[in-house]
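Report on the following structure.
The values are calculated or read from the model by the stated rules, or taken from the named source; none is laboratory data. Computed from a prediction, not measured in an experiment: that's the story for all the values here. So basically every Cβ, Gly included, is an ideal-geometry build from the backbone, and we count neighbours across all protein chains shown. The accessibility values were calculated without ligands, DNA or RNA, using every heavy atom of the protein model including side chains. Shrake-Rupley method; radii C 1.70, N 1.55, O 1.52, S 1.80 Å.
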Amino acid sequence: ELEKIREEHPIIDLILQYRELQKLKTTYIEPFPQLVSPKDSRLHTTYNQTGTSTGRLSSENPNLQNVPIKTELGQEFRKAFIAENGFQLVSFDYSQLELRIVAHIAKDKKMIEIFRRGEDIHTATAAEIFEVAPDQVTTEMRRQAKTLNFGIIYGMGPMGFSRSARVSTLRAREFITKYFADFYGVAKYMEEMKTKAHQNGYVETIFGRRRQLLDIQSTMPQLQAQAERAAINHPVQGTEADLMKLAMAKVYNYIHANLKDDEVRLLLQVHDELVFEIKTDLVQELAPRFKQIMESVHQLDVPLIIDVKYGQNWQEMRRIRV
């Protein structure tokens, strides 16, 4: 709510700054030292298999999936997570996984072609909506297209898009109409999921994992709209969670079949990213292997792409070409 009225008074920015500092202090800086294990002087999170309705793993005591990254202060805090001597932290991150799954499930021809050509989806979307060549897309155009790409699948309406993209409600409505005309497969998918949810009372991921939607027949419009948003979102986020768990299992099997326990450790799963601690002299050998395992975990209509980074701490990581 404060973000919505940010421009209206100078005190709003100060309240938001205070909130960020307070959250860093109480959520991370104060509790984390108390959670360090006396046995090995390391932090150990607990992962829950059933903590979310989408099937994603959730993390607690401490929650390491929520360590801030978007602000400068948050990034400074990430420097506290360091690899053991003789090891590197290596991150394997699925590139735009959610939108690739949307393209696959919705069978949207235009979106599939963009990913197959290896283009940036947000730039390509902006080019479609603003009817300009990709090289004429400005930073602001791309930002608005990115807001749309992620917002549409979460049920964002004209009001929400208007606030996020900082455009008028009328302009937001025009954007959304144009988006659905250009990416007709996505619009069709959204309507089909709502219909299926009303008929069956549940929706599924591409691997068949169901989510019951008890409020889909609710007489309260707000609850029914919420269930319809979940019907659109679950096959995407749920499939994302399934793919990540399959990737974790396959990498785990490879590690235990081919390597010693003290050569590589899978430390973290943060949404679309796996973070390993790998012996420095094995990084160049193992990075391409893990990347290949994760990219071939399941055949979609679009390629799965992994970005690989490594470094001595979680903030200062450099991209590896593999």
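A compact table of results
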read-out	value
Isotropic mean projected area of the C-alpha convex hull, the range 25-180 (nm²)	13.1 nm²
Average projection area in nm² (convex hull over Cα atoms of the chain, one quarter of hull surface)	19.0 nm²
FRET E, pair His256, Gln212, Förster distance 22 Å, beta-carbon r, rounded to 0.05	0.05
Order by protection proxy (mean Cβ within 10 Å, highest first), peptides 246-252, 6-12	246-252, 6-12
J(HN,Hα) series, the range 204-219, from Karplus relation 6.51 cos²θ - 1.76 cosθ + 1.60, nearest Hz, glycine and proline x	10, 7, 5, 9, x, 7, 8, 10, 6, 10, 5, 8, 5, 9, 4, 7
Amide H contacts under 5 Å for Leu267, placed H, 5+ residues apart	Val275, Phe276, Glu277
Long-range HN-HN contacts of Gln65 with modeled amide H, under 5 Å	Ser59
Calculated from backbone phi, Karplus (6.51, -1.76, 1.60) coupling profile of the range 289-302 in Hz, x at Gly/Pro	5, 5, 4, 5, 4, 6, 6, 9, 5, 7, 8, 9, 6, 10
Quotient of C-alpha Rg and 2.2 N^0.38 Å, computed over the range 190-297	1.48
Translational diffusion coefficient (Stokes-Einstein; Kirkwood radius from C-alpha pairs) of the range 269-322 at 25 °C, 0.890 mPa s, in µm²/s	200 µm²/s
Helix-only CD estimate at 222 nm, as mean residue ellipticity for the chain, using -39500 (n - 2.57) per DSSP H run (n ≥ 4)	-15500 deg cm²/dmol
Note, ³J(HN,Hα) from phi for the range 30-35, Karplus 6.51, -1.76, 1.60, rounded to Hz, x at Gly and Pro	6, x, 4, x, 6, 8
Pairwise centroid distance, computed over Cα atoms, of the range 244-258 with the range 112-149, Å	35 Å
Segments 282-292, 217-227, 122-132 sorted - mean Cβ within 10 Å per residue, highest first	122-132, 282-292, 217-227
Solvent-accessible heavy-atom area per residue, rounded to whole Å², over the range 248-321 at 1.4 Å	53 Å²
Trypsin sites (Lys or Arg not before Pro) restricted to the range 132-223 and DSSP loop, no more than 14 other C-beta within 10 Å	Arg166
